[in-house]
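Coordinate-derived values only; no laboratory data. These numbers come from a predicted model, not from an experiment. For neighbour counting, all protein chains shown are included, and Cβ atoms are generated from backbone atoms with ideal geometry for every residue, glycine included.
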């Protein structure tokens, strides 16, 4: 379908075309067999999708609700099970609290693994004030513009 009516046909199918576009598409459908086939394919696809959007049948819905109601009747609160669960949770919390032990000092932030990097970072920080005072990095916009104008005049 190379007639250029692809997007117009979709707008027409979904009812989003204004009156002028709708009339133009309807006139074109009378002369273009490819567009008529495309419109039929869109209608067929929409019909097949509508089957799935209908939702569950009433009998299936009632069976699920009935099963949920019967399962709810079997739920009974038991103080005995609640207290047993609390006791087990307390025992586990105590075991974890006592098994932790003191913190190991060899796992601290500066444990020697990155001490080489620390010295490099320190030397970089020490050199920053010297580099800033050297004047190599002190450019203002007017200095750059003046250099650009001077370079343009020399060309």
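Among 5-17, 36-48, sorting by the average number of other beta carbon atoms lying within 10 angstrom of each residue, highest first, gives 5-17, 36-48. Sorted fewest first by neighbouring Cβ atoms within 10 angstrom, 3, 35 come out as 3, 35.
Using the 2.2 N^0.38 Å rule of thumb for compact globular proteins, work out how segment 1-72 stacks up: its C-alpha Rg over that value, please.
Details: Rg = 20.6 Å, N = 72, 2.2 N^0.38 = 11.2 Å.
The reported ratio for this selection is 1.84.
Between residue 97 and residue 29, the distance separating the two model label sites (each 7 Å from Cα on the Cα→Cβ line) works out to 7.6 nm.
Label-to-label distance, residue 78 versus residue 36, with points set 7 angstrom from Cα along the beta-carbon direction: 7.3 nm. Sorting the segments 61-67, 26-32 by their residues' average number of neighbouring beta-carbon atoms within 10 angstrom, most packed first, yields 26-32, 61-67.
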